[in-house]
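The values are calculated or read from the model by the stated rules, or taken from the named source; none is laboratory data. Since we're looking at a predicted model, the values are computed, not measured. So basically every Cβ, Gly included, is an ideal-geometry build from the backbone, and we count neighbours across all protein chains shown.
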Amino acid sequence: MNQKMQPWEGPLDESYWQALLEEQSRDALPEANDRETWEGFNLLSEEAAYEGAATPHTETGSDGVWEQQQSRWTDIRDSFESGEVLESEVVGHNRGGLLVDCDGLQGFVPASQLVGFAPTSEEDRSNQLQEFVGQRLGLKIIELDGDRNRLILSQRAAESGRGSPSAILGQLCAGTVCEGWVTNLCSFGAFVDLGGIEGLIHISELSWGRVKSPHEVLSTGDEVKVYVLNVDRERYRVGLSLKRLQPDPWGSVEENYHVGQLVTGMVTNVVDFGAFVRIEEGVEGLVHVSELAEGSFLHPRNVVQEGESVTVRIINIDSNNHRLGLSLRGQ
C-alpha cells in the first residue's frame, strides 16, 4: 500500500540548519532584513552566519587555495566523525552566538550550545557574548556541510564527554526507543541530543493531538524518551517521535463512537471552510461550513469561537485516515 510522505520525511536542509541558530522566543535572531556589523564582519541575517561560517581565512582564486580548503574540510570531517574536541579561538560574535576559528575555517557556535549562558537582558546577552571573544574554547562539531560552507559547533557537547556521531548512528535504527535531552525548540519541532548526535522531533510527531508550538509540550533541557522513525546515516539526520510511544487514540474511535451519535467537544480551530472540534485527546473532527448552522453567515467565526464547548453529531467516521465528520445543524 502506498503511503503519502510524512512531514518528517521531506527535505530538512534549510529549516534544519536554521533551527540550529534559533534561540528561545525571547532570544530570537534578527529578521532577514536586519543588518548587524561586528568585528569587521557584515552579517545580513542568520543565514549569512551559516554561509560565511566556514569560509577559509585565505585569498581565493588559485588551485592551491582550493586544495588547501578541501584538505581542511577533510580534517574537519575526520574530527566530526571521531567526536574529537577542538580547541578553537573565538574571533567574534553576533546576537545568535560566536564565530570561531577552526584551523582556518570559520565555525559558528549557537548561543544555545554555550555552557552556562543565561542572559537576563539584551544588554547582558551582548556583554556575555563579547566576553568570549579572544578565548579558546573546547568545542565539538555537531553539524557540518562542506558544500554549503557550514560548520556548527557546541561547547555543551564537548563538555559532556559523549561518543562520536558515527558511533551513535551505527547503534540507531528505525523502531528503536532511546533517551536524550531537548537542546533546542523551533517553530517546526524539537531537537534532541541522543548522546553525540541530534535528532529532530517534527511538530507533527510531538503529540496525537493538535500542537501549535513545541513549547506547549517540551522545554529546553527536558529529558525525554523518544521513538526512532528513521536514520539517514549519509546526512547525519535522525527522525524522532514522542507520540509513537503512546497508543494511537484513533485505533479505538470506531469502537467508542458511531454515526449519528451526539458528543460534546471543544472548538480548537476555526478556518474559512469550517471548524475543528476535539472530542477527546488526540481525536478531532471537522464541522464543515455547510454543517455549521442553518441559513447564511459571513464566516464560521460568526457561529463558533475557539475554546467554545459544543455538542455535535457524528456524520461520518474514517479512522484509517484520521478523519471525523461532524455537524452542528439541528442540535
Do the conditions hold for residue 211, that is, is it under 30 Å from residue 194 (Cβ atoms), in contact with a helix residue (DSSP H, G or I) (Cβ under 9 Å, 6 or more places away or on another chain) and part of a loop (DSSP other than H, G, I, E, B)?
-> yes
When only residues in the stretch 209-240 that are small (Gly, Ala, Ser) and in contact (Cβ under 8 Å) with a residue 60 or more places away in the chain count, which is surrounded by the most Cβ atoms within 10 Å (Cβ to Cβ)?
-> 239
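Which of the strands (runs of 3 or more DSSP E) contained wholly in the stretch 247-292 include at least 1 residues that are at positive phi and small (Gly, Ala, Ser)?
Values: elements: 262-271, 274-280, 283-288.
By residue number, 274-280.
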Please give the number of the condition residue 205 fails out of (1) acidic (Asp, Glu); (2) modelled with pLDDT under 80; (3) under 26 Å from residue 243 (Cα atoms).
-> (2)
Which one is modelled with the lowest pLDDT among residues in the stretch 282-312 that are among the charged types (D, E, K, R) and more than 28 Å from residue 243 (Cβ to Cβ)?
-> 294
Filter the stretch 227-250 down to residues that are among the hydroxyl-bearing types (Ser, Thr, Tyr) and at pLDDT 90 or above and give me whichever is nearest to residue 279 (Cα to Cα).
-> 241
Residues being loosely packed, with under 14 Cβ neighbours inside 10 Å and either in a loop (DSSP other than H, G, I, E, B) or on the phi > 0 side of the Ramachandran plot (or both): count how many of those fall in the stretch 293-307.
-> 9
Only one residue in 133, 192, 224 is more than 18 Å from the chain's Cα centre (by Cα), among the aliphatic types (A, V, I, L, M) and at pLDDT 85 or above. Which one?
-> 133
Return the only residue of 112, 82, 88 being among the hydroxyl-bearing types (Ser, Thr, Tyr), more than 18 Å from residue 134 (Cβ to Cβ), buried (at least 18 other Cβ atoms within 10 Å of the Cβ) and not assigned by TED's automatic domain parsing to the domain that holds residue 192.
-> 112
Search result, residues across the stretch 166-200 that are in contact with a Pro (Cβ under 9 Å, 6 or more places away or on another chain) and farther than 20 Å from residue 156 by Cα = 187, 188, 189
